[in-house]
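Asker: Following this message is one structure expressed as structure tokens.
FYI, it's all coordinate maths here, none of it is from the lab. Remember, predicted model here, so these are calculated numbers, not experimental data. Heads up, the Cβs are rebuilt from the backbone with ideal geometry, glycines too, and the neighbour counts pull from every protein chain shown.
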Amino acid sequence: MSLHKWVRPNVLALAGYVPGEQPSPRQTLIKLNTNENPFPPPEAVLTAIRETSRGDRLRLYPEPSARLVREAAAAAYGLSPEEIVVGNGSDDLLTMILRTFVDPGEGVAAPDPTYTLYAPLTQLQGGRFIPVPWAGGERFELPISALADTGAKVIFLPRPNAPTGHVNSLEEVARLCQAAPGVVVLDEAYGDFAMDNGLPLLPDHDNLIITRSFSKSLSLAGLRIGLGFMSREIATQMHKVRDSYNLDAVAQAAATAALENLSTCEKNTRIIRQERQRLTQNLQERGFQVIPSQANFILTTIPTGKRDGEGWLADLKTHGFLVRYFGSDPNLADKLRITIGTPEEMDRFLGVVDQLLENNQTG
Ligand SMILES: *Cc1c(COP(=O)(O)O)cnc(C)c1O
């Protein structure tokens, strides 16, 4: 077979993104590995989803630009619908951004370590991915001039960052926008869990794009919905590269209802923030180091002892918990990323950690 002659070289070269494990519904594992929300979506969202099965809504194509979603988002976030583009998950928006701005061979930069999807998405688009180490070691300062000096057409910055959970100041973000030779994408997939967000920067920086996800704070990872906030001029270009009907009718109905019921999710967010604080403190008391997080997960350095990262991953799984381990990255090989669950899940998790630490000493 002449596969290597037919397939684009950049596709052949791709290793492919490895997402966190999704166990089969029959398994009773508690998922603390892909930063989903432990609470269900608001009842109004479920009602809106059921409503889409009535009348002609599923027989007909959905509204191509998700106009009602953009109007609801504009009302919720104080923007105009023309400044909003909707994605099939915020990952879809990242692809649309690369399609809009990056020609083959052009650079795309991000501080490192960061969200592991940026590199393969860039390579798929024929771009060159340029990781730039965070400045100041584990103080994770934004390497503004190093990022700007790459000449990248697109710079990705998650805020809060994945997988560290840390947040750079908005003042640093503003300086990056000024220094950048292209667009800056502030990836706010975890923005709702943080103390502030980049929206106030939007009017003053015409190269800034902010992306949001419904997968984490709004409990809708299964539906794939994301929002992009940007200037009208950029939005006009982004609409041209969108898949024509990128958000299906069910997702549009759910997204609109979610945006009209944000307060329900805000209550869940407050609980997750409290549990984040409690997990951080409890792990620190047990000898783990924890990077201060403003997301719905924490990144923790495991204490020295018999059990390494692989060992913790396996033993936690035996006791019913999935967490995320990025062992192939030397910067992360002694760390685990743990999603914040419900208070009950966190109680059980800490109980298992205590049990494993005890085995660590005596075994
Ligand atoms: C989860 C995540 C996304 C993707 O969100 P979806 O809306 O589910 O596509 C984007 N960026 C970061 C940093 C994430 O962690």
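Asker: Using the alpha-carbon centroid of each, what span in Å lies between segment 102-157 and segment 185-213?
Answerer: Centre-to-centre distance over Cα atoms comes out at 17 Å.
Asker: Now, a different point. Among the lysines, which have Cα under 20 Å from the Cα of residue 317 when same-chain residues fewer than 8 positions away are ignored?
Answerer: 31, 306, 335
Asker: Which aspartates and glutamates have a Cα lying under 17 Å from the Cα of residue 267, excluding residues fewer than 8 positions away in the same chain?
Answerer: By straight Cα distance, residue 267 reaches 36, 43, 192, 196, 275, 344.
Asker: Same structure, new question: Pick from 24, 53, 215: which is most flexible by mean-square fluctuation in a GNM of the chain where alpha carbon atoms under 10 Å apart are linked?
Answerer: 24
Asker: Quote the charge dipole size of the chain about the Cα centre in Debye, to the nearest 20; the model charges only the Cβ of Lys and Arg (+1) and of Asp and Glu (-1).
Answerer: 760 debye
Asker: Could you sort 172-178, 158-164 so that the peptide with the highest average Cβ count within 10 Å comes first and the rest follow in order?
Answerer: By packing density, highest mean first, the sequence is 158-164, 172-178.
Asker: While we're looking at this one, here's another question. Can you tell me, using C-alpha contacts under 8 Å and at least 6 residues apart, the relative contact order of the chain as a whole percent?
Answerer: This gives 22 percent for the chain.
Asker: Continuing with this model, one more query. Report, by chain and number, residues whose modeled amide H sits under 5 Å from the one on residue 30, excluding near sequence neighbours (fewer than 5 apart, same chain).
Answerer: 321, 322
Asker: With each label point set 7 Å from Cα along the Cα-Cβ vector, what nm distance links residue 138 and residue 267?
Answerer: With each label point 7 Å from Cα toward Cβ, the separation is 3.8 nm.
Asker: Ok, one more. From the backbone phi of segment 153-166, what are the Karplus-calculated ³J(HN,Hα) couplings (6.51 cos²θ - 1.76 cosθ + 1.60, θ = phi - 60°) in whole Hz, Gly and Pro given as x?
Answerer: Listing the rounded values in order: 6, 9, 10, 9, 9, x, 9, x, 6, 10, x, 7, x, 6 Hz.
Asker: How would segment 117-208 be classified by its alpha-carbon gyration tensor: rounded, prolate or oblate, with rounded meaning a/c under 1.5 and the a/b versus b/c comparison settling the rest?
Answerer: Because its axes are fairly even, with a/c under 1.5, segment 117-208 counts as rounded.
Asker: Given the chain, what percent of its DSSP beta bridges are antiparallel, to the nearest 5?
Answerer: 45 percent
Asker: Another question about this same structure. Looking only at segment 159-180, which residues have a backbone nitrogen under 17 Å from a spot 7 Å from the Cα of residue 331 in the C-beta direction?
Answerer: Residues 159-169 fall inside that zone.
Asker: Taking the alpha-carbon distance from residue 240 and a cut-off under 29 Å, which lysines remain once sequence neighbours fewer than 8 residues away in the same chain are dropped?
Answerer: Answer for residue 240, where 29 Å is the Cα cut-off: 153, 216, listed by chain and number.
Asker: Looking at segment 128-245, what % of its DSSP beta bridges pair antiparallel, to the nearest 5?
Answerer: Counting DSSP beta bridges with both partners in segment 128-245, the antiparallel share is about 35 percent.
Asker: Of the peptides 334-343, 119-128, 183-192, how do they stack up when ordered by the mean number of other Cβ atoms within 10 Å, highest first?
Answerer: In descending order of packing, they fall as 183-192, 334-343, 119-128.
Asker: Now, a different point. Label-point separation (nm) for residue 278 and residue 15, each offset 7 Å from Cα along Cα-to-Cβ?
Answerer: Modelled inter-label distance: 3.7 nm.
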